[in-house]
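These notes are about the structure you will find just below.
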Amino acid sequence: MPVYRARTMPVVTVHRDTLLNSKLSSISRLLYAVLLASVDDDDVTMKDVAALVGVQDIGELRPYLDELIEAGVVEYADHHGQERVVTVHQLPLLPEQRSHVCVPCEECGDCSCGYLKGLCRTCDGICRVEASAEQDIARWKQQLEGGATYAIGQHAARLHRWDCPTLNSPEKSMAQLAAARPHARNGGFYWPRLPYLFTAEELRQKNSKKRRCAICGPDPL
Ligand SMILES: [Zn+2]
Ligand SMILES: [Zn+2]
Ligand SMILES: [Zn+2]
């Protein structure tokens, strides 16, 4: 039984001793609160954060971030394949917790900290597409072995032989998948589905009146 969070509250909780820490500069105490408030809000950029705490640009935040790193509420780390990432903690980390190390993806080596640690979003997507490709090929082969030698094209306009050159085949789809792999990060990675195959009997029962493809010339029903 899944449990959903009803809604996020428009409040943020800060650590009292950090906010009242007189050793921190007033800007870094404000920065701590502003960073916590802007976590998960894609509309607030680091540039906005800089403006909100009253400094000119992101570069000028550095000494204040350093104060917060020292206080254990901010970490500033390189993540594989990404720009530097600021992590803010509500509660100060204990000294032994402070070395945040990036967890690279086991597949591609890029940072996976923002997703499943050890598997990045892109590689997880690739795994899913590959699994659906495998299933689709198995389904297609099973239909073919069961005597389904007719196919109806994508736009359902024509009746084809299963091996018509205008249809997707496991080989063609696998080649397209391999060619799309470098673009997986941009979302261009998907499985070109194989046609659904039918037996002559199934088509007769459906009373199919589709025109036969002139390229592959399937046997009349
Ligand atoms: Zn990382
Ligand atoms: Zn990966
Ligand atoms: Zn055809």
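The values are calculated or read from the model by the stated rules, or taken from the named source; none is laboratory data. In this text, all values refer to a predicted model and were calculated from it rather than measured experimentally. Heads up, the Cβs are rebuilt from the backbone with ideal geometry, glycines too, and the neighbour counts pull from every protein chain shown. For the accessible areas, the whole protein counts, side chains as well, though only heavy atoms, and no ligand, DNA or RNA atoms are used. Shrake-Rupley method; radii C 1.70, N 1.55, O 1.52, S 1.80 Å.
Taken together, the residues in the stretch 193-213 that are at pLDDT 90 or above and open to solvent by less than 100 Å² (accessible area, probe 1.4 Å) amount to 10.
One residue stands out among those in the stretch 81-107 that are within 16 Å of ligand 2 (Cβ to nearest atom) and assigned to a loop (DSSP other than H, G, I, E, B): the one that is most open to solvent (accessible area, probe 1.4 Å), which is E106. For Y115, the conditions (1) out of contact with any helix residue (DSSP H, G or I) (no Cβ under 6 Å at 6 or more places or on another chain); (2) not assigned by TED's automatic domain parsing to the domain that holds N21 are fulfilled apart from (1). Residues in the stretch 168-186 that are touching a residue at least 60 places away in the same chain (Cβ under 8 Å) and open to solvent by 30 Å² or more (accessible area, probe 1.4 Å): 1 in all. Under 7 Å by Cβ, and 6 or more places apart or on different chains, what pairs join a residue from the stretch 116-142 that is of a type in the set (D, E) with one that is open to solvent by 30 Å² or more (accessible area, probe 1.4 Å)? These pairs meet every condition: D124/Y115; D124/L116; D136/R193.
For the stretch 3-47, a residue qualifies if it is among the small types (G, A, S) and either under 21 Å from G114 (Cα atoms) or not assigned by TED's automatic domain parsing to the domain that holds A71 (or both), and the qualifying residues are A6, A37, S38. Tallying residues that are touching a Leu at 6+ places or on another chain (Cβ under 8 Å) and not hydroxyl-bearing (S, T, Y) within the stretch 168-193 yields 5. Of the listed requirements (1) surrounded by fewer than 13 Cβ atoms within 10 Å (Cβ to Cβ); (2) touching a residue at least 60 places away in the same chain (Cβ under 8 Å), R7 misses just one: (2). The residues in the stretch 125-157 that are open to solvent by less than 30 Å² (accessible area, probe 1.4 Å) and part of a loop (DSSP other than H, G, I, E, B) can be counted, and the count is 2. Under the condition of being of a type in the set (A, V, I, L, M, F, W, C) and either open to solvent by 30 Å² or more (accessible area, probe 1.4 Å) or within 13 Å of R181 (Cα to Cα) (or both), the residues counted in the stretch 108-124 number 4.
Pairs meeting the criteria (first residue in the stretch 78-94 and in contact (Cβ under 8 Å) with a residue 40 or more places away in the chain, second residue assigned to a strand (DSSP E or B), beta carbons under 7 Å, at least 6 apart or on different chains) are V86/V74; V86/Y76; V88/V74. Report yes if some residue within the stretch 143-151 is more than 27 Å from L221 (Cβ to Cβ) and polar (S, T, N, Q); otherwise report no. Within the stretch 143-151, not a single residue is more than 27 Å from L221 (Cβ to Cβ) and polar (S, T, N, Q).
Of the helices (runs of 4 or more DSSP H) lying entirely inside the stretch 1-80, those containing at least 2 residues that are in contact with a Ser or Thr (Cβ under 6 Å, 6 or more places away or on another chain), on the phi < 0 side of the Ramachandran plot and not polar (S, T, N, Q) are 62-70.
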